[in-house]
Structures are given as C-alpha cells and as structure tokens.
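Read the structure below first, then the notes.
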Amino acid sequence: MSKFLLFLGCTIPTKQYSYEISVRNVLPKLGVELVDFAEAGCCGFPLKGLNRRAWVYMSARILSIASKKGLPILALCNGCDTSLRKIKDILKHDEALRKEIADLLSNEGIKLDVSAEVYHTLEILHDFVGVEKIKSMVRRSLKGIRIASYPGCHMIRPSDIPHPEDPAEPRKYDAVLNALGAEVGYYPDRGGCCGATMLPYSARHALLIAASKIKTFKEYGFDAVSTSCPYCMEMIDGKQDAARTEVGDESISIPVFYLTQLVGLAIGLEPKELGLNLNISPVEEVLEKLGVSLYE
Amino acid sequence: MVVLTGGSEVVALEVRLLDSRVLREVKELVRPHSPQHCYQCAKCTSACTATKVIPDYKPHLIVALTRLGLIKNLLDSGIIWACTECWKCSEYCPQDVAPVEVVIALKNLSIAMGYKPPEDLKMMAKNVVELGYISPPIEVLSKEFEMYGRNALALPELVKPYTHEGTINNLKKLLGGVYE
C-alpha cells in the first residue's frame, strides 16, 4: 500500500504552505502516491475546549469519509493525527456518544465508520519508505550538520493510544535524520510543548515557552532544528523573532526545517521546491554549508 | 474552609458554594479517567507546561477545587484557558486522574454556563463553521519580501470542505452558541 489521502488539516493549507509544498514534492519521489482530500476540513482538535462533542463529531466525520473511500489517511499535522487516533479510542469505549455522533452524521448522509487507518508523515518516511531507501536516494548529504529533532508533543502523547513514535522510546525521527547524513543528539524535554495552544489565552506567555525551547537547542550546540508539526513550526520558526524580542536575548536564533524539507534537500531538490523561501528562521546558515543558494 | 492557591495566596471559600453536580458533570465528561482518585501529589503540576510560565496555574489545585465543586473563582478568573492541552499532566499522574481532561471538561462547562472563551477561539469556531478551517488562507511574506498565497505557490485552490447542509447545521448546533 502506497496510496494515501492527503489530510492537510487547518494550519497547513491556510498558512504553513512550506509543509504542503515539501510533502507534495518529496513523497511522490519516494514512491508514495497522494490523493487530495478536499472534503476533510478541520479535525476539531483546537475546539475541544469549546465543545468536546464538536471535536469528536468533526474527527469522526473525516474518518468516516475516508473509510468509505477505502484509503488510509496521511495526517501531516500532529494535532490532526492524534485527534483522529484519540477519537477512535473514545468512540470504542462510549456507546452513548457513538450513537449521538452516528445520528449527527446521518443528517448529512454519512455512515459512522472510524475504521480508516491513520498515518503521520514520520511513519510514511520511516515505516513505509524506510531509512534504507531514503539513505540510497541521498544526493546531498547533511553530514556535519547537527540537528535537534523536535517531533512535537502530540507525536507521543497521550500515550494510552497508538502513536507514530513509541512514546517510551521515540527513535524514528532521529533514524530518518541519520539516514540523511545529519548528526543528532540529546537535549532535555524533547517531548515538550511549543506553547502554540496558549496563544489564544496569552501570546506573551506562549512566546516565553517558545523562547525557552529555542534557548535549549542553542545551549546543547545544535546547528538547526527539525519538526513535523505545523504548530511547532509556527512557534519555533514563525515566532522566533518575536520570542527573541520578548525575552531580549539575542542568542535566540536557529534555523528550523520541516522534516520533509530536509529529506527533499538531501535527495537533491531545490530550495523553492521545498518552500524554504517561506521559512522565517535563518535557514540560509544551513543551506550555505550545503553549498545551496536560496535565491537562484 | 481554607484552600491554598497560587503560591502563598490564601483564599477563604464558603462551604455553601459546594456543588456536587460539578463533580458529576466533570466525571461524565472525563470518562474513563477518574478525578475522584486524586491524592494531591502534584506530579501533574511539576510537569505542566503552563505552570512554568504562569505559576498561578496549578493542575492539582484545579482538580481539588473541581472535586469540591468550588469552581466559581476558577471560571471567573478564566485561567483554565491557559492549559496548552499538551497531555503531560496525564502522563505523570499515578492515579489516572487526567487533569487535562478535567480542564477540558471545565472549559466545556464554562461555555455551557455562559462564560466567554478567549476571543481567538471564538473566531476559530466561527471560521470552522463558515469556512471549514480555523482561519481563512492568508498571504505569507517570503525571504525575498514577496507576498505568496496558495495560487502564487501553485497549490490547489482551497475549497470549502462542506457541501452538505447537514454538516453546516450540525456544526452550528455544536459551536454556534460560542460566537453568536
């Protein structure tokens, strides 16, 4: 099986375009066929505090449409990925809620069926394509570049449901980076939160969380950071300048890449094919080391 | 009765505010987790993302106040919206209390009671009903100082994901009250 429904979620198709561009250009080169999934929309995860039922309904709707199509889902966003997995678990254990959601879905002619398989970008790269195949395709090794893998908190939590990474031993991300030739390394609180979900409550405090993450990457001597969650990217890359200003610490500056952007660079794609001109952080620092120019 | 909250601040709470319905409703929403099993070890608070930047936010105290039904001050303050829903507290809890689920339940209850959520969340709910996404697609600034939207980046046009009236009615029923 190498055909997946491309589930973009909310953040990626409305502002985190570089993730979508890099996925659309990289995955097919690795033998993965992507099928657009325009009728999906929001998974409801950001709205569970407003109405938990709305969240369950929205994710159940997406799973049901995918089940009917008979294709597995590729969720790019950690939030979407966890949301769909968590809903499967919630509905399995709650018959009353299952009935309620089935009734809501019947209003729009959809039969409740959450059996569709769900995979995250990291699983596609590590489990389906495989590190050996990725390694064999590397044309531009990331050798000598020390990259902090920052998978994002919902890649491993809540740990009572299956996740792309093993919550106890999350090693797939680093294995993919190693396959590209990059160095990886330890830093504390790798599964820590980026703070994005605190933005609606207090942008200032959310920035303090992001600033502390970036400071840790610097303190542990990394040249760059990689994430596969659009919310982490939004905070660590997109709001890096704001975080630096908020805490008044000039050392807060580090290149941040989506995992798919790094895979694309390593297999020889050009920066614009990976949306690298849309990253806010100083990705040029790494591109220079690779002898690649962003502006050609 | 005296309860400690927010570091050294001491707040006197009146016993007549006790409301056992709160715990019942929260228990219903957080099933199969069990807030009644909390023994106040505060491991959740030691792990909490929000506590590190907002020290007054303490998940174990939120669970304690909820168990007593003393949630009025909590909801009035709006501090429950500081939770980043990172699920760390649940991982650290030795009693399967799932403080994050308790906080999500309190958020839901507060909305049902007529409290207002943060403005940005209200907008997200409205956008989801009207557009299908938490925000409309925006133009972003590139490193060459050019503005790019989906079209200029040769990405497929973003269509509204819902075509069936039933979907919009369902979403309005579930989320309409939040922003109308």
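Among residues of region B:132-147 that are within 19 Å of A:LEU276 (Cα to Cα), those with a Cβ under 7 angstrom from a residue that is of a type in the set (Asp, Glu) and in a loop (DSSP other than H, G, I, E, B), sequence gap 6+ or separate chain, pair up as B:MET147/B:GLU139. For region A:161-179, a residue qualifies if it is open to solvent by less than 20 Å² (accessible area, probe 1.4 Å) and more than 22 Å from A:CYS77 (Cα to Cα), and exactly one does: A:ALA179.
Examine region A:252-262 for a residue that is at pLDDT 95 or above and open to solvent by 10 Å² or more (accessible area, probe 1.4 Å), and state whether such a residue exists. Among the residues of region A:252-262, at least one is at pLDDT 95 or above and open to solvent by 10 Å² or more (accessible area, probe 1.4 Å), which makes the answer yes. In region A:82-103, the residues that are touching a residue at least 60 places away in the same chain (Cβ under 8 Å) reach residues that are of a type in the set (A, V, I, L, M) and surrounded by fewer than 20 Cβ atoms within 10 Å (Cβ to Cβ) with C-beta atoms within less than 9 angstrom, at least six apart or across chains, in these pairs: A:THR82/A:ILE161; A:ARG85/A:ILE161; A:LYS86/A:ILE161; A:LYS88/A:ILE161; A:ASP89/A:ILE161. Elements of the type helices (runs of 4 or more DSSP H) sitting completely within region B:31-129 and holding at least 2 residues that are farther than 27 Å from A:ALA211 by Cα, open to solvent by less than 60 Å² (accessible area, probe 1.4 Å) and within 7 Å of chain A (Cβ to nearest Cβ): these cover B:99-112.
Across region A:240-296, the qualifying residues are those that are more than 21 Å from the chain's Cα centre (by Cα) and on the phi > 0 side of the Ramachandran plot, and the one among them that is farthest from the other protein chains (Cβ to nearest Cβ) is A:GLY268. Filtering region B:130-141 to residues that are among the charged types (D, E, K, R) and either part of a loop (DSSP other than H, G, I, E, B) or within 19 Å of A:CYS80 (Cα to Cα) (or both) leaves only B:GLU139. Does A:GLY192 fit the bill of being closer than 26 Å to A:SER83 by Cβ, of a type outside the set (Lys, Arg) and free of Cβ contacts under 8 Å to residues at least 40 places away in the same chain? When the stated conditions are applied, A:GLY192 passes them. Hey, among the residues in region B:6-30 that are closer than 16 Å to B:LEU61 by Cβ and at pLDDT 50 or above, which one's most open to solvent (accessible area, probe 1.4 Å)? Residue satisfying both the conditions and the ranking: B:LEU23. Say whether the condition of being surrounded by fewer than 18 Cβ atoms within 10 Å (Cβ to Cβ), more than 7 Å from every other protein chain (Cβ to nearest Cβ) and under 19 Å from the mean Cα position of the chain (by Cα) is met by at least one residue in region B:159-178. The answer is yes; a qualifying residue exists. Scan region A:201-214 for residues that are surrounded by fewer than 17 Cβ atoms within 10 Å (Cβ to Cβ) and more than 10 Å from chain B (Cβ to nearest Cβ) and the total you get is 0. For A:ILE124, indicate whether it is more than 14 Å from chain B (Cβ to nearest Cβ), in contact with a Leu (Cβ under 8 Å, 6 or more places away or on another chain) and on the phi < 0 side of the Ramachandran plot. Answer is yes for this residue.
What about B:LYS173, is it modelled with pLDDT of 95 or more and under 19 Å from A:SER59 (Cα atoms)? Spelling it out, B:LYS173 is indeed modelled with pLDDT of 95 or more and under 19 Å from A:SER59 (Cα atoms).
Restricted to region B:130-145, and to residues there that are charged (D, E, K, R) and surrounded by 12 or more Cβ atoms within 10 Å (Cβ to Cβ), the residue that is farthest from A:CYS77 (Cα to Cα) is B:LYS143. Listed by first and then second residue, the pairs with beta-carbon distance under 6 Å, at least 6 apart or on different chains, first residue in region A:144-155 and more than 14 Å from chain B (Cβ to nearest Cβ), second surrounded by fewer than 24 Cβ atoms within 10 Å (Cβ to Cβ) and part of a strand (DSSP E or B), are A:ARG146/A:GLU183; A:ILE147/A:ALA224. Considering region A:191-200, the residues that are open to solvent by less than 40 Å² (accessible area, probe 1.4 Å) and among the hydrophobic types (A, V, I, L, M, F, W, C) include one that is farthest from the chain's Cα centre (by Cα), namely A:MET198.
The values are calculated or read from the model by the stated rules, or taken from the named source; none is laboratory data. None of the values given here were measured: they were computed from a predicted structure. Backbone-built Cβ (ideal geometry, glycine too); neighbour counts: all protein chains shown. Just the protein is used for accessible areas: all its heavy atoms, side chains included, with ligands, DNA and RNA removed. Shrake-Rupley method; radii C 1.70, N 1.55, O 1.52, S 1.80 Å.
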